[in-house]
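Colleague: Quick one: the structure is below, questions incoming.
What follows draws every value from the coordinates through simple rules; no lab data is involved. Please read these numbers as outputs of a predicted model, since none were measured by experiment. Here Cβ is always computed from backbone atoms with ideal geometry, including for glycine, and neighbour counts include all displayed protein chains.
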Amino acid sequence: MAHVLVLPGDGIGPEIVAEAVKVLQVLSKDHGLSLTTSEGLVGGASIDVHGTPLTDDTLAQAQAADAVLLGAVGGPKWDALPMANRPEKGLLALRKGMNLFANLRPAVLYPQLTHASSLKPEVVSGLDLLIVRELTGGIYFGQPRGLRTLETGERQGYNTLVYSESEIERIAHVAFKAAQKRGKRVCSIDKSNVLETTALWKEVVTRIAAQYPDVELSHMLVDNAAMQLVKAPKQFDVMLTDNMFGDILSDEASMLTGSIGMLASASLNEHNKGMYEPSHGSAPDIAGQGLANPIATILSAAMMLRYSLNAPEQAARIEVAVGKVLDAGLRTGDIWTEGCQKVSTSQMGDAIAAAL
Ligand code: NAD
């Protein structure tokens with residue numbers, strides 16, 4: 001039987017994860033899903049109890065589980081802590097410790113939410129793109145990094161953008177394989193006109209593309225990609241990016257779908273073990289008020305069933321249920337428009353569970 005470690009985290013994390021667990025429980029009880037879950041602490045919640053954002057024990061539990069379902073971490077309560085002890089370090093340690101190098105972020109516009117997008121309906125309707133982001137390398141992890149004081153007394157910050165060929169190769173394979181199951185197009189994002197590391201990125205991706213003759217490869221500079229995402233986003237099928245470019249472009253893509261509260265994500269290692277979480281953060285501004293949209297987390301649970309737990313029919317059941325509830329006009333505040341029924345976090349979870 002598959003085992004899932006549930007890490008609710010901080011802010012809206014516990015509220016939205018509770019709704020995803022509710023959906024999984026209905027699938028287990030009524031629809032034959034074979035699953036056990038246990039719960040742990042991460043981020044600020046772990047700092048408060050253990051003094052660290054991720055204990056060795058929780059990391060070991062995550063490594064032993066078939067998948068991890070996570071809410072979000074962080075919040076103003078822990079903002080004054082030194083960088084090394086911040087809640088976000090717990091997430092980075094999980095990604096590194098589980099070797100989750102591939103981050104899959106689909107941006108799909110449900111037809112019912114066309115009017116919640118910040119772009120014109122004709123620009124976004126039918127949008128279905130996948131961002132494949134490298135997650136354990138690049139400038140977020142590169143050494144040397146830090147702050148130093150120059151001879152003049154002025155302080156200087158520095159970080160290192162570094163990628164080895166093998167790191168680029170393995171994420172490129174993930175993107176090409178994903179494209180084979182979709183629209184068969186990969187657009188690789190770089191800044192090869194300025195940064196040597198991303199010139200190497202472009203060269204290696206081009207080399208790997210030869211192994212996937214059925215997939216069409218194109219390249220785009222990151223500044224143009226940011227522009228094209230809001231100008232003509234439907235031109236993209238799979239976007240392949242490094243860690244930092246993907247961080248930024250995937251948040252931009254999320255707004256095309258109406259709300260960041262709709263955007264799921266999967267982070268996988270080479271054995272398809274993974275961590276599943278919404279693309280948004282802990283939203284401290286709305287935490288504890290029943291205002292958060294749980295759909296990104298519920299769709300992340302669907303991705304978990306598809307990629308790590310080999311239960312694609314159950315995954316599809318969740319996705320169909322989300323569509324039915326949107327069809328029925330139920331909306332949390334972030335996706336609400338005139339004429340729809342405004343519901344709370346748990347009412348949305350209840351409705352999706354009932355629609356399964
Ligand atoms: P955020 O994603 O938490 O919130 C941005 C905006 O989107 C806010 O207005 C928020 O209310 C709204 N929002 C986010 N999720 C929503 C949902 N499900 N339903 C409705 N509205 C939603 O980003 P932020 O405000 O920049 O960061 C807040 C905290 O989250 C910070 O401590 C940050 O470090 C942390 N963070 C964590 C993660 C993560 O855990 N993966 C990611 C990003 C930010």
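Colleague: Which one of Leu135, Tyr163, Thr206 is farthest out on the positive end of the charge dipole of the chain, using unit charges on Cβ (Lys, Arg +1; Asp, Glu -1) and the Cα centre as origin?
Modeller: The Cα lying farthest towards the positive end belongs to Thr206.
Colleague: While we're here: For the chain, would you read off the P(r) tail past 29 Å as a percentage of all alpha carbon pairs?
Modeller: On the way: 25560 of 63190 pairs.
Value for the chain: 40 percent of Cα pairs lie more than 29 Å apart.
Colleague: Separate question: Using the count of nearby Cβ atoms within 10 Å as a rough guide to exposure, how do Arg145, Arg182 rank from fewest to most? Can you show the working numbers first?
Modeller: On the way: Arg145 12, Arg182 15.
The fewest-first ordering by Cβ neighbours comes to Arg145, Arg182.
Colleague: Within the chain, what's the longest run with no GluC sites (Glu not before Pro) in a DSSP loop and at most 15 other beta-carbon atoms within 10 Å? Give the range, please. Don't skip to the end; give the middle numbers.
Modeller: Values: sites that count: Glu151, Glu154, Glu270, Glu338.
Result, exposed sites excluded: 1-150.
Colleague: I need Thr37, Thr197 ordered by Cβ neighbour count within 10 Å, fewest first. Walk me through the numbers before you get to the answer.
Modeller: Working: Thr37 16, Thr197 20.
If I rank by nearby Cβ atoms, fewest first, I get Thr37, Thr197.
Colleague: Asp48 to Gln289: FRET efficiency via 1/(1 + (r/R0)^6), r the Cβ-Cβ distance, R0 30 Å, to the nearest 0.05?
Modeller: On the way: r = 21 Å, r/R0 = 0.69.
Once the sixth-power term is evaluated, E becomes 0.90.
Colleague: Give me a comma-separated list of calculated 3J(HN,Hα) values for segment 67-75, in order, Karplus coefficients 6.51, -1.76, 1.60 applied at θ = phi - 60°, integers in Hz, x for any Gly or Pro.
Modeller: Going residue by residue, I get 7, 10, 10, 10, x, 7, 10, x, x Hz, with x marking Gly and Pro.
Colleague: If you put +1 on each Lys and Arg Cβ and -1 on each Asp and Glu Cβ, how big is the dipole of the chain around its Cα centre, in Debye rounded to 20? Mind dumping the intermediate values first?
Modeller: Working: 30 positive and 39 negative charges, 87 e Å.
So the magnitude is around 420 debye.
Colleague: Lysines near Lys89 by alpha-carbon distance under 19 Å, same-chain residues fewer than 8 away left out - which ones?
Modeller: Answer for Lys89, where 19 Å is the Cα cut-off: Lys77, listed by chain and number.
Colleague: Now, a different point. Pulled fully out, how much extra length does the chain show between Lys231 and Ala84, if you take 0.36 nm times their separation in residues and subtract their Cα-Cα distance? Walk me through the numbers on the way to the answer.
Modeller: Details: separation 147, 0.36 × 147 = 52.92 nm, distance 3.86 nm.
Extra length available between Lys231 and Ala84 comes to 49.1 nm.
Colleague: Okay, next question. For segment 175-230 and segment 290-356, write down the distance between their C-alpha centroids in whole Å.
Modeller: The two parts, judged by their Cα centres, are 32 Å apart.
Colleague: Taking the Cα centre of the chain as the origin and placing charges on Cβ (Lys, Arg +1; Asp, Glu -1), which of Val4, Gly71, Leu330 is farthest toward the positive end of the dipole?
Modeller: Most positive-ward Cα: Leu330.
Colleague: Next question. Work out the FRET efficiency for Tyr158 and Arg207 from their Cβ-Cβ distance, taking R0 = 41 Å, and round it to the nearest 0.05. Don't skip to the end; give the middle numbers.
Modeller: Numbers: r = 31 Å, r/R0 = 0.75.
FRET efficiency, Tyr158 to Arg207: 0.85.
Colleague: Quick one: Ser254, Ser282, Ser28, fewest Cβ neighbours within 10 Å first, how do they rank? Intermediate values should be presented prior to the final figure.
Modeller: Details: Ser254 22, Ser282 25, Ser28 16.
The order, fewest Cβ neighbours first, is Ser28, Ser254, Ser282.
Colleague: May I ask which of Lys29/Lys342; Lys120/Lys184; Lys120/Lys234 have a Cα-Cα span longer than 19 Å here? It would help to have the intermediate numbers written out before the result.
Modeller: On the way: Lys29/Lys342 28 Å; Lys120/Lys184 26 Å; Lys120/Lys234 12 Å.
Checking Cα-Cα distances, Lys29/Lys342; Lys120/Lys184 exceed 19 Å.
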